[in-house]
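Following: one structure in structure tokens, then a few remarks.
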Amino acid sequence: MGAEEVADVLGVATAAPVPREAGRRRSLRVLLHNAAAALAVLAAWQAATFIVHSVFFPSPWQVARAFVDLALNGDVAGHTLLTHMAWSMARLAAGFLMGVVLGVPLGLLMGLYRPLYAGTRAALEPFRFIPPIAWIPLTIVLLSGFPRYVFLIWLGAFFPIFVATLVGVPRVEPIHKNVAKVHGAGRWYILRKVVVPSVLPDILGGMRVGMGTAWMTIVAAEMSGGETTGLGRMMVNYAELIRIPEIVVGMILIGVLGFAMNELLLRIERRLFRWRWEVTL
Amino acid sequence: MTLMTRWMVALLMVLMVLALPVVASAQKMTTLRVGDQIGSELDYGPYWIAVEKGYFKEEGITTVRKTYPNGPATLLDYNKGELDAVMAGLGPFLQAASQGSDYVIVSSITKGNAPLVARPEIKAAKDLNGKRVGTPGLGTIHDTMLTLYEREHGIKVEHVSAKITDLVAMLEKGEVQGVLCWETVAATTVRAVKGAHYLAPLPVIPGAESLEVIISRKIAQGQPEVALGFTRALLKGMRYIDKHEDAALAIIAKAMNVPDAIELARLAKNQVKVTDPYMEPKSSQIIYQSLLETKKITTERVKGYDDFTQRFVDYSFLKKAEESLKGWEPKK
């Protein structure tokens, strides 16, 4: 049964397949709309600088100049912009990966064996509500360097991924599991071939939320001190020198990098879940 | 009551009502919001003496203290209009002026105050080469003093910024091998970390300028009597410390409000001088030059050190205060 027949049975419309030319035109339209939105933001920012008229509220042009200066000459501490970006990304990647490696299996385990979750949630759940940045003073005392940041980011990324996986497991269609069982599938096969593919969209969704929390955590952690590199540290250094354009450069870079990573996850999601057709009502 | 008596009572009541605003204004106090940093009570000793001995009150001033992690953070709030006066380091003040901040330096308050504390395995300056040294922030006077220490001893260290209270833990763990910070945090570090010692109790420039007091230009120009009163109270505090050092240390220890405060203050007092209200010019220029070379400041708004002193340093209040305090002796 094809997608259209299924749609007929369900009584819903499906999006018609898009010819390549129309697809390119649509992509161009989306690109132009986004460019227009970005220009509108820049124009509003420039207008705000005229209204606020303060030496401490930089214009887009001042921020652009600061970016070029940082990119070409590095910062006052002698580190290049790439070094700061690379260190933030490295810490983020390590902590985020740990969040995935621990959050997904634990979420699957507790989702499949509900009594395990029910029996441990009183101990586990309270940690979810402690913001990662609240752990900073403790980590300053107990951990040093890279492990400190990895731990803090892991805390930020773990819970969204774990919870998304946990709530995704009960939503697996029982009929899919039963069909597999009827055909002689064992528990491990059902887990690999039925449960995990069904829960993957929830896991990816959790990862995107976890990515956002991880970025917020890494910046706060780098701002607290102890290292000389990272976008958060760079921003604090320039805050101490009251160099606002450079601070804004850091903010924009964090936004761009976070956006790029989110887009990457979205593309992975679209590629993995091509079997999910778009449904319109 | 006779008619005459009634008239006299009525007149008396009218006079009393008319006199009320005069009395009220005579008792009117001006509130000044003053910013400083955590753990800096010894460095700003004259301020605490002035508070405790009522010198501010005598000038019709009430102060409200706000503390910050370091000088640059204090100035960020000053720029927003949250503070009327700030006590902080020369480095932050130069950096702020370079970025468009406006204020008037009315007095210097501390010299020295750049002790370098090291772990036990660091026995000499050369042992620090290639190691990590913590400072309270890239924008602090202490970070600049570390740069000068590196140049003096021909070494290169990694400047690690952190909150001043975290630096103690970092030194203990070995995350940093040295810490250059203000007193009495340095004294606390020496006592708290086993084997930690003063590698360099004094800065490389003898009697180096460290901390100053600024007041907003709006107050300096609009309410000069308040600026004068504030400066005079601080000057009285300096003279008190000069004359009654032990009693002053006791007052400062009370302000510190930590265990063993008096011992810490005694250990720390040799690293700071808080009785000279004039900026030390030679070290101030060296500090300015160092900030320029490390690109922490530019000459876009402040053309040079002379331009800075002309536009931002005003000793007129100090001179008037000194004139008015001729023959004044602080009572214990």
- Just one of A:Arg187, A:Arg192, A:Arg208 is away from chain B (no Cβ under 14 Å) and under 18 Å from the mean Cα position of the chain (by Cα); which is it? A:Arg208
- Item | Qualifying positions in region B:1-37 - under 25 Å from B:Val106 (Cβ atoms), basic (Lys, Arg) and modelled with pLDDT of 85 or more | B:Arg33
- Answer yes or no as to whether B:Tyr149 is crowded, with 21+ Cβ neighbours inside 10 Å, away from chain A (no Cβ under 12 Å), over 29 Å from B:Val104 (Cβ atoms) and of a type in the set (Phe, Trp, Tyr). yes
- Every residue from region A:215-229 that is in contact with an Asp or Glu (Cβ under 8 Å, 6 or more places away or on another chain) and either open to solvent by 20 Å² or more (accessible area, probe 1.4 Å) or of a type in the set (Asp, Glu) (or both): A:Ser224
- Looking only at helices (runs of 4 or more DSSP H) that fall completely inside region B:259-320, which ones have 3 or more residues that are within 14 Å of another protein chain (Cβ to nearest Cβ), in contact with a Gly (Cβ under 6 Å, 6 or more places away or on another chain) and closer than 23 Å to B:His244 by Cα? none
- Query: Is it true that A:Met216 is under 14 Å from the mean Cα position of the chain (by Cα) and touching a residue at least 60 places away in the same chain (Cβ under 8 Å)?
  - Reply: yes
- Message: If I filter region B:188-195 for residues that are within 14 Å of chain A (Cβ to nearest Cβ), touching a helix residue (DSSP H, G or I) at 6+ places or on another chain (Cβ under 8 Å) and either on the phi < 0 side of the Ramachandran plot or assigned to a loop (DSSP other than H, G, I, E, B) (or both), do I get at least one hit?
- Response: yes
- Within region B:83-112, which residues are open to solvent by 10 Å² or more (accessible area, probe 1.4 Å), within 13 Å of chain A (Cβ to nearest Cβ) and either in a strand (DSSP E or B) or charged (D, E, K, R) (or both)? B:Asp102
- Task: Among what's in region B:126-145 and is assigned to a helix (DSSP H, G or I) and either facing chain A (nearest Cβ under 10 Å) or crowded, with 23+ Cβ neighbours inside 10 Å (or both), pick the residue that is nearest to the chain's Cα centre (by Cα).
- Result: B:Ile141
- Is there a residue in region B:237-245 that is of a type in the set (Gly, Ala, Ser) and open to solvent by 10 Å² or more (accessible area, probe 1.4 Å)? no
- Item | Of all residues in region A:45-62 being open to solvent by less than 40 Å² (accessible area, probe 1.4 Å) and in contact with a Phe, Trp or Tyr (Cβ under 9 Å, 6 or more places away or on another chain), the one that is nearest to B:Gln99 (Cα to Cα) | A:Ser59
- Note on the structure: Over region A:139-168, the set of residues over 21 Å from the mean Cα position of the chain (by Cα), within 24 Å of A:Val101 (Cα to Cα) and not small (Gly, Ala, Ser) is A:Thr139, A:Leu142, A:Leu143
- Item | A:Ile153 being of a type in the set (Val, Ile, Thr) and crowded, with 21+ Cβ neighbours inside 10 Å | yes
- Message: Just to be sure before I move on: is B:Val302 closer than 24 Å to B:Asp143 by Cβ and open to solvent by less than 20 Å² (accessible area, probe 1.4 Å) in the structure I sent?
- Response: yes
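Yes/no per residue for (1) open to solvent by less than 40 Å² (accessible area, probe 1.4 Å); (2) within 18 Å of A:Ser224 (Cβ to Cβ); (3) within 14 Å of chain B (Cβ to nearest Cβ):
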residue	(1), (2), (3)
A:Leu92	yes, yes, no
A:Phe96	yes, no, no
A:Val104	yes, no, no
A:Gly107	yes, no, no
A:Pro115	no, no, no
A:Phe129	no, no, no
A:Phe158	yes, no, no
- Query: How about region B:305-332: which of its residues are closer than 20 Å to B:Arg217 by Cβ and either open to solvent by 40 Å² or more (accessible area, probe 1.4 Å) or free of Cβ contacts under 8 Å to residues at least 40 places away in the same chain (or both)?
  - Reply: B:Tyr305, B:Asp306, B:Asp307, B:Thr309, B:Gln310, B:Arg311, B:Asp314, B:Tyr315, B:Ser316, B:Lys319, B:Lys320
- Where a residue in region B:222-233 is closer than 17 Å to B:Tyr44 by Cβ and its partner, wherever it lies, is assigned to a helix (DSSP H, G or I), with Cβ under 7 Å and at least six apart: B:Thr231/B:Phe317; B:Thr231/B:Leu318; B:Thr231/B:Ala321; B:Arg232/B:Ala321; B:Arg232/B:Ser324; B:Ala233/B:Ala50; B:Ala233/B:Tyr55; B:Ala233/B:Phe56
- Query: If we keep just the residues of region B:161-175 that are within 23 Å of the chain's Cα centre (by Cα) and open to solvent by less than 70 Å² (accessible area, probe 1.4 Å), which is nearest to the other protein chains (Cβ to nearest Cβ)?
  - Reply: B:Ala162
- Message: Restricting to region A:131-149, name every residue that is hydrophobic (A, V, I, L, M, F, W, C), part of a helix (DSSP H, G or I) and open to solvent by less than 70 Å² (accessible area, probe 1.4 Å).
- Response: A:Ala134, A:Trp135, A:Ile136, A:Ile140
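Let's see how each residue does on (1) over 23 Å from A:Pro245 (Cα atoms); (2) in contact with a Gly (Cβ under 9 Å, 6 or more places away or on another chain); (3) not basic (Lys, Arg):
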{"position": "B:Ile38", "(1), (2), (3)": "yes, no, yes"}
{"position": "B:Asp43", "(1), (2), (3)": "yes, no, yes"}
{"position": "B:Glu58", "(1), (2), (3)": "yes, yes, yes"}
{"position": "B:Leu83", "(1), (2), (3)": "yes, yes, yes"}
{"position": "B:Met87", "(1), (2), (3)": "yes, yes, yes"}
{"position": "B:Gly91", "(1), (2), (3)": "no, yes, yes"}
{"position": "B:Arg119", "(1), (2), (3)": "yes, yes, no"}
- For B:Arg65, which of the numbered conditions (1) of a type in the set (Lys, Arg); (2) out of contact with any strand residue (DSSP E or B) (no Cβ under 9 Å at 6 or more places or on another chain); (3) not in a helix (DSSP H, G or I) fails to hold? (2)
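The values are calculated or read from the model by the stated rules, or taken from the named source; none is laboratory data. For clarity, every value in this text was computed on a predicted model and none was experimentally measured. We place every Cβ from the backbone using ideal geometry, glycine too, and count neighbours over all the protein chains shown. Just so you know, the surface numbers come from the protein's heavy atoms only, side chains and all, with ligands and any DNA or RNA stripped out. Shrake-Rupley method; radii C 1.70, N 1.55, O 1.52, S 1.80 Å.
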